[in-house]
1. Being assigned to a helix (DSSP H, G or I) and surrounded by 10 or more Cβ atoms within 10 Å (Cβ to Cβ) is the filter here, so list the residues in region 24-59 that pass it.
2. Let me confirm something: among 98, 76, which residue is surrounded by 13 or more Cβ atoms within 10 Å (Cβ to Cβ) and at pLDDT 90 or above?
3. Can you go through 110, 72, 62 and tell me which one is assigned to a loop (DSSP other than H, G, I, E, B) and closer than 24 Å to residue 131 by Cα?
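The values are calculated or read from the model by the stated rules, or taken from the named source; none is laboratory data. Computed from a predicted structure; not experimentally measured. Using ideal geometry, Cβ is built from the backbone for each residue, glycine included, and neighbour counts are taken over all protein chains shown.
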């Protein structure tokens, strides 16, 4: 390939013109084959039609509880919380929205990570490792 043989990349390919006589090579049956359901005008079948047989989706057993495992959380690292909150300050979804750490309070918040500071966390989920750190801090104080 040489530089004078290059062609523009965005050149559009012309569409296939069918049904314009036998000399075109795509006349008579217009690339649809001889006969059958697919060759008729207005042909339209659903993607899962299997010729009258029960569809695969109907034949397979249905699973229960699929939606329950798809719960979405707004995850948040404790390091980001440390940068915006002071120690022993209350952390809740409303305060996180005000500080710009989460977008809204509609989805539940889950905080993860490791820290040595003490915070008052309300209405937020916490990972097990972070919860153990909080319990260890409470045991030291007692």
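1. 24, 39, 58
2. Only one candidate qualifies: 76.
3. Result: 72 is the single residue among 110, 72, 62 that is assigned to a loop (DSSP other than H, G, I, E, B) and closer than 24 Å to residue 131 by Cα.
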